Amino acid sequence: MIVTFNTENVQMPDIDQGRITQWVRDVAASYDKNVGQINYVFVDDERILEVNRQFLGHDYYTDIITFDYTEGRYISGDLYISLDTIRTNAQQLAVPYERELHRVIIHGVLHLCGINDKGPGEREIMEACEDKALEILNE
């Protein structure tokens, strides 16, 4: 099990990497999954836009892009997270920055566990899963 935390064009957010790693493992286990290799890459808006254009053909900003390399029960992936978009979303939603950051950090893991958010009714399921995962972190 390897969880790494990297940055491009931004400073590392103030997170407890050991605690986040254990949390990711606990959430994955709650879906009967094991953690293979997960690489978090914290970036700015310009980099997330570049990744979105280059790999997905999308021309817009987003909070997270998840590249899924999961095999069987072992979840693995590269998770690009825009700290700029997280800050903007936290302000618009009137939630603490740290909570929004944690929500996005686990959002990518939930995708790796097989939870989707694009189809009918899936967004509500994803939000419920995020809330449940945030409760695990705050226990």
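Every number in this text was worked out from the coordinates using simple rules, so none of it is lab data. Computed from a prediction, not measured in an experiment: that's the story for all the values here. Quick reminder, even Gly has a Cβ in these numbers, built from the backbone with ideal geometry, and neighbours come from all protein chains shown.
What the table shows:
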read-out	value
The range 1-55: C-alpha gyration tensor shape, a/c 1.5 cut-off, then a/b vs b/c	oblate
Per residue Cα convex hull volume in Å³ - calculated over the chain	113
Asp117 versus Leu134: modelled label distance in nm, points set 7 Å from Cα along the beta carbon direction	1.1
Net dipole in debye of the range 2-137 [+1 Lys, Arg Cβ; -1 Asp, Glu Cβ; about Cα centre; nearest 20]	300
Charge sum, other residues only, whose C-beta stays under 11 Å from Val35's C-beta, Lys/Arg counted +1 and Asp/Glu -1	+2
For the chain: relative contact order, % (alpha-carbon pairs under 8 angstrom, 6 or more apart)	22
Tensor-based shape of the range 22-100 (alpha-carbon gyration tensor, a/c under 1.5 rounded, otherwise prolate or oblate)	oblate
DSSP beta bridges in the chain [antiparallel fraction, %, rounded to 5]	30
Förster-model FRET efficiency, 30 Å R0, Arg19 and Glu50, C-beta, rounded to 0.05	0.50
Förster-model FRET efficiency, 22 Å R0, Arg73 and Ile2, C-beta, rounded to 0.05	0.90
Ranked Ile38, Ile15, criterion: other C-beta atoms within 10 Å, fewest first	Ile15, Ile38
Selection from Asn89, Ile48, Asn34, by position along the positive dipole direction of the chain (Cβ)	Asn34
